[in-house]
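Trainee: Submitted below is the structure of interest, expressed as structure tokens.
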Amino acid sequence: MFKSEVYTRRREELRKKIKSGIGLLIGNIEAPMNYPDNTYHFRQDSDFLYYFGLDLPGLTGLMDFDSGKDRIFGNDYDMDDIIWMGPQPTIKELAMKCGISDTASISKLEERIKDALSKKRKIHFLPPYRGETKMTLGKLLKENPCQMKTHASVDLIKAVISMRSIKEKVEIDEIEKAVEIAYEMHVTAMKMCKQGVREQDIFGAIEGIALAKGGGTSFPVILSINGQTLHNHSHGNILSKGKMMVTDAGAETNLHYASDITRTTPVGGKFNEKQKDIYEIVLKANTEAIKATKPGMSNRDLHFNACKIITSEMKNLGLMKGDVDEAVAAGAHALFMPHGLGHMMGLDVHDMEALGENFIGYNDEVKRSDQFGTAFLRFALPYKPGHVFTVEPGCYFIPELIAKWKAEGKFKEYINYSKIDGYMSIGGIRIEDNVLITEKGHKVLGKPIPKTVKEVESICS
Ligand code: GLY
Ligand code: MN
Ligand code: MN
């Protein structure tokens, strides 16, 4: 974890934003895989990590916004635990690491909440995303556990988002480390991208790098020669000539900061003409979007710029036609790029989405569109210095979507359906980088990962 001052300062900042009531931040507990003692990899709750830094199961942080006192609730390990787990720090010792001296056992939490409820004090909590946390909240607050998400504190959600959105220097250093690990993962995948190799071999190799160099992957690896499926987690194919492999993968550092990088590599390491045509379009959308990234520019404007680049270049190839601005306004480009340009990244790879996407990327003035494609844009607001974003345009040939639109004659004034057939074998292409918004512009994080046609072909050879 970071030094205790980091957490003390963050809690002080939060206290300035929430003036009264109690903040209840429930850390994650172990989640069983198939029987209680056989658990999934433990991942601490990111908001708990942000304010308390303690990376162990079974802890709850309580902030009294009226008195200014913070307390950690947790149970000390007993001899039985120590026999199986080895010597463990006490809850007091742990709490001191995040600048808190007041601790109590978990059984005292119920009393404390009961007391607060009897005094009609406001209890601020964040939307729970795990069944275990919903159950705990329901029990503590004497409410239906299934309704805990809707009872969450909007004031606390907004306060947390305002803080976590702006990354501190120590956080940016961590994200840089996470991108460095992703460099190793992606270069390894590119070098292994040869005819006859199994997707699973490459998946296992890069997952191993994430585990060896950090805290594992930041989300389940997407790796497939069927890149037209945007989040393809099945790795059962054998790489064959003429296909392209989409690898969308990132790592967590040991402190759980994420990277999220995508590269698309032709099997065998050499692009054919059609692959190059589409790849250069996606690359242009990626590099032009990065170039334009600066404070004040909105992620929505940048998204539409990227969509216009893709539309205009697809028009040059003969796959689209008509007026580019009109085609994008109508949503015709979404046949080829049905997702948003990018999302925030930090302690979560899609940062803070558990708090509600519309609280992060939209507000009272900027509302989410319900148009197909644009509706998937996770963030529409202007960038601020300290934001960290992904920039990830893509171009996909999704047989089912193309067949449906073609049968409906949808956007036939903008799409040359007869020309698409020749490109179907490409599957999908996505290129994703991680960018910090600085005072004057932006910085692409981490060591540059091969991206141009020349760089990819060179690393593959
Ligand atoms: N890693 C999934 C995404 O790029 O959003
Ligand atoms: Mn990604
Ligand atoms: Mn992403």
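The values are calculated or read from the model by the stated rules, or taken from the named source; none is laboratory data. Note that this is a predicted model, so its numbers are computed, not measured. Please note: Cβ atoms are built from the backbone with ideal geometry, for glycine as well, and neighbour counts cover all protein chains shown. Heavy atoms of the whole protein, side chains included, go into the accessibility calculation; ligands, DNA and RNA do not. Shrake-Rupley method; radii C 1.70, N 1.55, O 1.52, S 1.80 Å.
Trainee: How many residues are outside any loop (DSSP other than H, G, I, E, B) and either open to solvent by 10 Å² or more (accessible area, probe 1.4 Å) or under 23 Å from GLY214 (Cα atoms) (or both) when one looks only at segment 260-270?
Mentor: Selection size over segment 260-270: 3.
Trainee: Residue by residue through segment 309-337, note down the ones that are open to solvent by less than 10 Å² (accessible area, probe 1.4 Å) and outside any helix (DSSP H, G or I).
Mentor: Hits for segment 309-337 are LEU319, MET320, GLY331, PHE336, MET337.
Trainee: Please state which of the following conditions ASN237 fails to meet, knowing it meets all the rest: (1) in contact (Cβ under 8 Å) with a residue 24 or more places away in the chain; (2) under 28 Å from LYS384 (Cβ atoms); (3) open to solvent by 10 Å² or more (accessible area, probe 1.4 Å).
Mentor: Unmet condition: (2).
Trainee: Still on this model: For the condition over 21 Å from GLU455 (Cα atoms), more than 16 Å from ligand 2 (Cβ to nearest atom), of a type outside the set (Gly, Ala, Ser) and out of contact with any Cys (no Cβ under 7 Å at 6 or more places or on another chain), what is the one hit in GLU273, GLU207, GLU199, GLU252?
Mentor: GLU199
Trainee: If you don't mind, there's one more thing I want to ask. Can you tell me which residue among GLY216, GLY208, GLY196 is small (Gly, Ala, Ser), within 28 Å of LEU436 (Cα to Cα) and open to solvent by 10 Å² or more (accessible area, probe 1.4 Å)?
Mentor: Of the residues listed, the single one that is small (Gly, Ala, Ser), within 28 Å of LEU436 (Cα to Cα) and open to solvent by 10 Å² or more (accessible area, probe 1.4 Å) is GLY208.
Trainee: Moving to a separate point now. What are the residues in segment 230-265 that are within 17 Å of TYR279 (Cα to Cα) and either among the aliphatic types (A, V, I, L, M) or more than 11 Å from ligand 1 (Cβ to nearest atom) (or both), if any?
Mentor: Scanning segment 230-265 gives LEU230, LYS241, GLY242, LYS243, MET244, MET245, VAL246, ILE261, ARG263, THR264, THR265.
Trainee: Something else: Output the residues belonging to segment 240-259 that are in a loop (DSSP other than H, G, I, E, B) and either among the charged types (D, E, K, R) or surrounded by fewer than 24 Cβ atoms within 10 Å (Cβ to Cβ) (or both).
Mentor: SER240, LYS241, GLY242, LYS243, THR253, ASN254, LEU255, HIS256
Trainee: On to the next question. Within segment 350-420, considering only helices (runs of 4 or more DSSP H) that don't extend past its boundaries, which have at least 3 residues that are within 16 Å of ligand 1 (Cβ to nearest atom)?
Mentor: Of the helices (runs of 4 or more DSSP H) lying wholly inside segment 350-420, those with at least 3 residues that are within 16 Å of ligand 1 (Cβ to nearest atom) span 357-361.
Trainee: Considering only residues that are part of a helix (DSSP H, G or I) and either within 25 Å of ASP351 (Cα to Cα) or aromatic (Phe, Trp, Tyr) (or both), which ones fall in segment 193-239?
Mentor: PHE203, ILE206, GLU207, GLY208, ILE209, ALA210, LEU211, ALA212, LYS213
Trainee: Across segment 144-159, what is the total count of residues that are in a loop (DSSP other than H, G, I, E, B) and surrounded by 14 or more Cβ atoms within 10 Å (Cβ to Cβ)?
Mentor: 5
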